[in-house]
Each structure stands twice: as structure tokens, then as C-alpha cells.
1. Using only Cα atoms, locate the centre of the stretch 283-329 and the centre of the stretch 134-159, then give the distance between them in Å, rounded to an integer.
2. May I ask you to list the lysines whose Cα is less than 19 Å away from that of Lys61, ignoring any residue fewer than eight positions away on the same chain?
3. Among the lysines, which have Cα under 19 Å from the Cα of Lys144 when same-chain residues fewer than 8 positions away are ignored?
4. State the percentage of accessible surface on the chain attributable to carbon and sulfur atoms; use a 1.4 Å probe and exclude ligands, DNA and RNA.
5. Which pairs, out of Lys209/Lys337; Lys209/Lys262; Lys177/Lys208, put more than 24 Å between their alpha-carbon atoms?
6. Based on the alpha-carbon gyration tensor of the stretch 31-114 and its eigenvalue square roots a ≥ b ≥ c, which shape applies: rounded if a/c is under 1.5, prolate if not and a/b is larger than b/c, or oblate?
7. Given a cut-off of under 8 Å on Cα pairs at least six residues apart, what relative contact order in percent is computed for the chain?
8. Under a straight-distance cross-link criterion of Cα-Cα below 17 Å, which lysines are reachable from Lys207, leaving out those fewer than 8 residues away in the same chain?
Amino acid sequence: MLRSGNEQKRSGILTVIFYIGALTSCACGKEQPDMADKAQVGVAYYNQSDTFLNQLIECLKEQFEQYANDDFEIALTVRDAAGSQRTQDDQVEELLDAGCDVLCVNLVDRADPSEIIDLARAHDVPIIFFNREPVAEDMMQWDKLYYVGADAKQSGVMQGELAADFIRGSKNADRNKDGKIQYVVLEGEAGHQDAIIRTEYAVATLKKKGIVLEKLSCGIANWNRAQAQNRMMQMISRHRNKIELVLANNDDMALGALDAYKKLNVTEAVLPIFFGIDGTDMGLKAVADHQLAATVYNNKEDQAAVMAELAAALIFETGMQDIPFTNGKYIYMPYFKITDENVDAFYSEE
């Protein structure tokens with residue numbers, strides 16, 4: 001359960017809802033034009049196994065529920081591509097044929113959105129890409145393409161800062177006392193922009209902060225907890241007790257790494273320190289339980305809120321001026337550092 005001060009912190013987050021009431025009733029004694037009593041939003045995402053995305057979509061559903069009133073509703077139809085871009089292309093076509101007014105798309109392959117863009121343009125239906133940012137050239141293909149997400153570089157820098165602070169404040173981080181921190185990395189998909197950036201900036205920030213590092217291994221775990229456990233088991237068998245630090249591109253992989261140690265019944269004295277990114281419910285719980293040293297909170301509540309605001313503005317053709325765009329197309333929500341000192345403000349088990 002989130003208990004963040006971020007809840008609805010953006011002052012204009014539900015401004016469009018007031019336009020809905022005005023557009024579906026009479027104003028100043030003048031009859032308004034007839035308007036449909038329902039809008040449809042199609043949501044297509046890459047894989048239902050992704051914990052963060054599932055929680056983001058639940059937040060999005062809650063946001064759209066706040067737009068409902070006696071005269072109007074916005075209906076969401078959600079489709080899971082199960083990791084197949086071909087499947088996602090077909091699902092988007094079905095959503096468009098069913099009459100969706102706006103699409104929200106979390107791409108399977110961020111470098112291959114052309115068919116989805118062409119389909120949406122043919123139906124004149126705007127697209128809000130989210131979480132997986134298309135390349136800049138593709139975003140310029142049409143003026144009704146938008147992106148909502150967060151800056152991967154910021155998350156990597158914050159993870160590096162959190163790890164550096166923890167290492168400097170701990171007498172036991174450098175267990176073998178060789179003046180270096182031996183580390184491994186668990187990355188998301190091979191070649192995925194966010195995975196590359198998160199790793200690059202986390203490591204670079206640690207070095208910038210004066211932490212001497214020795215890289216032992218890197219494994220691709222596709223953002224998945226079970227895969228991360230398997231990769232970590234392999235790393236442990238290869239490096240035994242040498243691993244002092246685990247940097248994971250997301251919380252699920254950090255927790256998968258911890259699962260590997262638990263499965264092997266490794267004593268707490270030789271456990272490395274674990275860092276994640278995203279601030280999922282399980283990740284926050286692990287920080288609260290002192291199993292993860294820290295995580296970086298990916299603000300799903302504000303991302304969902306601004307996606308809903310943007311979708312409503314596109315449907316009702318009003319309110320776009322209240323949306324905090326960067327370069328006219330992009331909306332980035334900031335990350336937050338989460339440690340045992342502030343995790344209670346973001347999570348409780350109530």
C-alpha cells in the first residue's frame with residue numbers, strides 16, 4: 001500500500017474532468033452539441049510478467065475511474081503481447097477496429113513501432129507510448145505521438161549514489177578488505193536502452209564517488225525474477241563468496257538474486273548488498289525488511305495520472321496547455337531514492 005506524498009501532487013492532474021461535465025450538459029442556458037457517452041482507450045503492453053507494468057496499469061485504471069460520472073465513462077481495454085511484437089501489432093489493429101479513441105502503447109520492441117504508428121495514423125487515433133521510449137526519429141513520424149515515462153539516466157545515477165553512500169557507511173561492504181568492491185550486474189533485455197543506461201550510469205556514478213570496483217560478471221535476466229535467480233545461481237557457482245555487490249536494473253531481478261542466495265542457504269555474513277530500481281510493492285517491502293539495501297522509486301502513480309490527463313485532453317480536445325510537455329511530445333516523471341529511512345512514507349503492509 002502506497003502512502004506517498006506524491007498522491008495527486010500535480011495541481012492540474014484532473015483538470016480535464018471538469019470539462020467533461022461542461023461538455024455533457026448545458027452551460028449558461030445554451031444547449032451544447034450532442035456527445036457520445038463513452039470513450040474507449042486501448043492499452044497494449046509488452047508482457048504481463050512485468051511487475052512494475054502491472055502496477056502501473058492498475059494505477060491507470062484507477063485514474064480513469066475518477067473521470068467517470070453519471071453521463072460519461074472512459075472504458076479501458078488491455079492487451080498483453082507476451083513479448084511478441086507481431087502479436088502486439090495485431091492487437092493494436094484489433095483495438096483500432098473496435099473503435100478506440102486513444103491508444104496507450106508499451107512497445108515490445110522500442111525500435112519497431114512503424115506498423116503501429118501507420119495503423120493509428122490511418123485511423124487518426126493518437127498514441128501515448130509509455131515506459132519504453134521509441135527512438136526520436138520514430139516519434140517524429142506523426143504529430144499525434146506522445147511519450148510518458150522517466151529518465152533512465154536519473155535512475156542509474158541514483159542507484160549509484162545509493163550504493164556509494166551505503167558502501168562508504170558500512171564497515172563490512174568490502175568483506176575481503178582488498179580496497180575494491182567486487183560486483184555483478186543483472187540487466188534487463190539485451191540491447192534495451194533503459195537497461196544499458198541504468199547499468200552504465202550506476203557504475204559510472206559509483207566510480208565518480210570514489211568507489212573502486214572490480215566487475216565479476218553480468219547476466220541478462222529480462223527484468224524477470226525467476227530468470228534472475230537462475231543467472232545469480234550461475235554467478236555464485238563461478239565466484240563463490242567473492243561477490244560483494246549486486247546491481248540490478250529492476251527490483252524483480254534484485255529479488256531474484258536474493259532468492260538464489262536463500263535457495264543455497266548462504267549465511268547472512270557472506271551475503272552481498274543488493275540494489276534495485278522501480279520501487280514495486282515487493283521491492284519496497286524488501287527495503288523495509290532490510291533485504292534490499294535500497295531501490296529507486298519509478299513514480300507509477302504520477303505517470304498514470306498524467307497519461308490519463310493526456311488521454312482525456314486528446315479525447316475532448318481541451319486541456320493540452322496544462323500538460324507538462326518536454327519538446328512538445330515527452331513527459332518525464334522524476335525518480336526518488338528509497339532507503340530504510342524513508343520507505344515507510346511510500347509503503348506499509350496495511
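1. For the stretch 283-329 versus the stretch 134-159, the Cα centre distance is 13 Å.
2. Lys9, Lys38, Lys300
3. Lys329
4. Ligands and nucleic acids excluded, carbon and sulfur reach 47 percent.
5. Listed pairs above 24 Å: Lys209/Lys262.
6. Oblate shape, in that a/c is at least 1.5 and b/c is the bigger or equal ratio.
7. 21 percent
8. Partners within reach: Lys153, Lys180, Lys215.
The values are calculated or read from the model by the stated rules, or taken from the named source; none is laboratory data. Since the model is a prediction, treat every value here as computed from it, not as a measurement. Please note: Cβ atoms are built from the backbone with ideal geometry, for glycine as well, and neighbour counts cover all protein chains shown. Protein only, heavy atoms only, side chains kept; ligands, DNA and RNA dropped before computing areas. Shrake-Rupley method; radii C 1.70, N 1.55, O 1.52, S 1.80 Å.
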